[in-house]
Amino acid sequence: MAAITSFRDFDIMLNPVSRLAVAAALSMAVCTAPALAQSESAPASTAPTAAQADALVAQAEKEFFDYSVEASRVAWVNATYLTEDTDALAAQVGAKGTEMSVRYALEAAKFEAVPGLSYDTRRKLDILRAGIVLPAPTTPGAANELNAISTKLQSDYGKGRGTLGGQPISGSDIEAEMGNLERTPNEYKEMWTSWHDNVGKPMRGEFERLVTITNEGAKELGFADAGAMWRSNYDMPPDEFAKVTEKLWQDVKPLYDSLHCYVRDKLNAKYGDAVQPGTGPIRADLLGNMWAQEWGNIYPLVAPAGAGDLGYDIGKLLKAKGYVETSPTETDPAKRGVWEKEMFKIGEGFFSSLGFDPLPETFWTRTQFIKPLDREVVCHASAWDIDNKDDIRIKMCTKVDSGDFVTIHHELGHNYYQRAYKDQSFLYLNGANDGFHEAIGDTVALSITPQYLVDIGLLDPAKVPGADKDIGLLLRQAMDKIAFLPFGLLIDRWRWGVFDGSIQPADYNKAWNDMRLRYQGIVPPAERPADAFDAGAKYHIPASVPYTRYFLARLLQFQFYEAACRQAGWKGPLHRCSFYGNKEVGAKLNAMLEMGASRPWPDALEVFTGSRQMSGKALAAYFAPLKTWLDRQNKGKSCGW
């Protein structure tokens, strides 16, 4: 599912083969293999054979395909029409998928040591065994209980409310107000505390039960715990993957530390020592985002003198061109979502310029572009593939602003990826790894440079920022992309500890805030009670969506982007490159996308970038001028926390 900056975090809804998939809407086992019927296993008296493994895979792929269409339709209805009835339907379909997926996973495990398996059969058996996010044990009733809990957790999140001035405020609205610089520290504190108390805290008991059931299911499949199972999906041993991600974080941590030090100093100057001290951690609610995961909303507070004014804001450019955000009071269906849809047309145009085919007509008739007036929906942005072929669509509560302009490009990246690999066999209908899926849209978003805005007629060529604005441009991006990195890592670091038992239920909240302090250098705006459950106030926790993909995507997008700019023959500063309109780049990109999950991710990475290793080097190169500038600004300050 999606990177990632808000209640409309970038998310993806794939067919249920995906480890990203139906959790976003069914909150079920986002499984590579929800099956409708148990496969025929080898007779107990004979050892399983390669031929039987081939037959198992063939049966699984046929049944999964049929189930996935049904499950995706139910998930779509549930996410776009939240009621007790659609919750029940989602739980029912999810339970069927979970139970059958575990059944197939157990069958696949029987062939783990069978000699003579073909490459495809071996790979698909591994996908069957390890691709479930929430595996239920075979204990009678466990699948139903697990899915009832997970569906309720997501539904409760979607209906969640905080307060502002003592009045209830919805998730999408409270997000906007957290980024409103006219609010006071006390108002930020109220919104932060009320959202975490009202949304997170009530989930704690059910989340604990979900962990217990999920671990039981993972152990039946031969894994130490569910966290180890999640980490096994990266073409390397689980413990090795944990080490790889920690190394990647250490590669980019110096840049984050420099940004943290600079931003803290600016917040101290704005609010004073009583609100934000000049040393130590940053108060979490002052960073313009409910989770302090991206800080772009407070850019005006930290903009460098003389270079901070970029000269344009995409949201204002859109409005200057006549784009009008649908009013909450507009009831005429013909006028609702008109200009929001046009924003998607711009996004489609980027991919068309690379040589990709236009979106299908059904995309425009079935996408949810804005929040409906008459019902509750999950506003969290997500990209969907309903039929594993051409019925691709997006669910979003779009606003005419810069953030959603970028989000649209990101979500469309998922849809174009889905369509590129649609001719693969069912178990390969996925990204090379889940970080790839998130990174593709972000790679396109990096190409939303001033020149791109000129090319599509949004920005006057005379108003393209000069080289003297480069630090401002880079700092504005770093406030989102660099600030996100530790958050992208710690979500699953915390869950891995919960799953392996090193974090006990009594310590859920302490461990969460300790980890936020360790990685992000932030603290809550007020002391948190021991029975709080602040992790539950983040969508991906109640929705059971693995989060490491977003951390990987933040690194991979720069690798992809650097490769695209190299292929396009770009010679200037990397951050000024746009590959809009370059069909050669599009062709090479498509060659990687259409591989789906058919090969290990290093093979896919090599096709487009020439490298087989994930690395933070491209990101560091992109922001190198900013790092030098930040260190100059921080000279003499007490950095760190």
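The values are calculated or read from the model by the stated rules, or taken from the named source; none is laboratory data. Since the model is a prediction, treat every value here as computed from it, not as a measurement. Please note: Cβ atoms are built from the backbone with ideal geometry, for glycine as well, and neighbour counts cover all protein chains shown. The protein model used for the area step is the full one, side chains on, heavy atoms only, and it has no ligands, DNA or RNA in it. Shrake-Rupley method; radii C 1.70, N 1.55, O 1.52, S 1.80 Å.
Couple of notes before you dig in:
- Filter pass, ILE408 being over 28 Å from LYS321 (Cα atoms), of a type in the set (Val, Ile, Thr) and either open to solvent by less than 10 Å² (accessible area, probe 1.4 Å) or assigned to a loop (DSSP other than H, G, I, E, B) (or both): no
- The sole residue among ASP442, ASP455, ASP460 that is under 20 Å from ARG576 (Cβ atoms), of a type in the set (Asp, Glu) and touching a Lys or Arg at 6+ places or on another chain (Cβ under 8 Å) is ASP442.
- Every residue from segment 267-286 that is in contact with a helix residue (DSSP H, G or I) (Cβ under 6 Å, 6 or more places away or on another chain) and open to solvent by less than 10 Å² (accessible area, probe 1.4 Å): LEU267, GLN276, ILE282, ASP285, LEU286
- For CYS577, the conditions (1) under 25 Å from ALA483 (Cβ atoms); (2) free of Cβ contacts under 8 Å to residues at least 24 places away in the same chain; (3) touching a helix residue (DSSP H, G or I) at 6+ places or on another chain (Cβ under 6 Å) are fulfilled apart from (2).
- Taking the conditions (1) in contact (Cβ under 8 Å) with a residue 40 or more places away in the chain; (2) closer than 21 Å to PHE111 by Cβ; (3) buried (at least 19 other Cβ atoms within 10 Å of the Cβ) in turn, PHE207 satisfies each one other than (2).
- Counted residues, segment 221-239 - those being in a helix (DSSP H, G or I) and surrounded by fewer than 18 Cβ atoms within 10 Å (Cβ to Cβ): 1
- Filter result for LYS395 (buried (at least 18 other Cβ atoms within 10 Å of the Cβ), of a type in the set (Lys, Arg) and within 24 Å of the chain's Cα centre (by Cα)): yes
- Yes/no for GLN418 being touching a strand residue (DSSP E or B) at 6+ places or on another chain (Cβ under 8 Å) and assigned to a helix (DSSP H, G or I): yes
- Selection within segment 596-620: residues that are over 21 Å from the mean Cα position of the chain (by Cα) and hydrophobic (A, V, I, L, M, F, W, C). The member of this set that is least open to solvent (accessible area, probe 1.4 Å) is PHE608.
- Scope segment 406-465; condition more than 26 Å from GLU342 (Cα to Cα) and either in contact with a Leu (Cβ under 9 Å, 6 or more places away or on another chain) or of a type in the set (Val, Ile, Thr) (or both); matching residues: TYR421, LYS422, LEU427, LEU429, ASN430, GLY431, ALA432, ASN433, ASP434, GLY435, PHE436
- Among the numbered conditions (1) loosely packed, with under 15 Cβ neighbours inside 10 Å; (2) under 23 Å from the mean Cα position of the chain (by Cα); (3) polar (S, T, N, Q), the only one that THR365 does not meet is (2).
- Here THR163 clears all of (1) in contact with a strand residue (DSSP E or B) (Cβ under 9 Å, 6 or more places away or on another chain); (2) crowded, with 21+ Cβ neighbours inside 10 Å except the condition numbered (2).
- Condition check for ARG599: in a loop (DSSP other than H, G, I, E, B), among the charged types (D, E, K, R) and farther than 25 Å from PHE356 by Cα: no
- Among the residues of segment 451-501, those that are acidic (Asp, Glu), open to solvent by 30 Å² or more (accessible area, probe 1.4 Å) and either within 30 Å of LEU317 (Cα to Cα) or modelled with pLDDT under 95 (or both) comprise ASP455, ASP460, ASP468, ASP480.
- Evaluation of ALA383 against (1) open to solvent by less than 10 Å² (accessible area, probe 1.4 Å); (2) assigned to a helix (DSSP H, G or I) (one fails), failing number: (2)
- Verdict on ARG264 being in contact with a Cys (Cβ under 9 Å, 6 or more places away or on another chain), of a type in the set (Lys, Arg) and either part of a helix (DSSP H, G or I) or open to solvent by 10 Å² or more (accessible area, probe 1.4 Å) (or both): yes
- Matching option when the condition is modelled with pLDDT of 50 or more, touching a Pro at 6+ places or on another chain (Cβ under 8 Å) and of a type in the set (Gly, Ala, Ser), among SER72, SER27: SER72
- Residues being part of a loop (DSSP other than H, G, I, E, B) and open to solvent by less than 20 Å² (accessible area, probe 1.4 Å) - total across segment 107-154: 9
- Filtered residues of segment 574-594 (kept if open to solvent by less than 50 Å² (accessible area, probe 1.4 Å), out of contact with any Cys (no Cβ under 7 Å at 6 or more places or on another chain) and outside any helix (DSSP H, G or I)): SER578, GLY581, ASN582
- Residues of segment 530-539 classified as closer than 24 Å to GLY158 by Cα and either open to solvent by 10 Å² or more (accessible area, probe 1.4 Å) or modelled with pLDDT under 95 (or both), total: 2
- Among the residues of segment 173-186, none qualifies, meaning not one is modelled with pLDDT under 90, assigned to a helix (DSSP H, G or I), surrounded by fewer than 19 Cβ atoms within 10 Å (Cβ to Cβ) and small (Gly, Ala, Ser).
- Consider segment 502-520 and keep the residues that are buried (at least 22 other Cβ atoms within 10 Å of the Cβ) and in contact (Cβ under 8 Å) with a residue 40 or more places away in the chain. The one that is farthest from the chain's Cα centre (by Cα) is TYR508.
- Within segment 623-630, the presence of at least one residue that is surrounded by fewer than 23 Cβ atoms within 10 Å (Cβ to Cβ) and aliphatic (A, V, I, L, M) is confirmed.
- For segment 544-566, taking the residues that are touching a His at 6+ places or on another chain (Cβ under 9 Å) and buried (at least 24 other Cβ atoms within 10 Å of the Cβ), the one that is farthest from LEU248 (Cα to Cα) is identified as TYR547.
- All told, ASN215 falls short of being outside any helix (DSSP H, G or I), among the polar types (S, T, N, Q) and in contact (Cβ under 8 Å) with a residue 24 or more places away in the chain.
- Of everything listed in (1) farther than 20 Å from PRO137 by Cβ; (2) open to solvent by 50 Å² or more (accessible area, probe 1.4 Å), the single unmet condition for ALA242 is (2).
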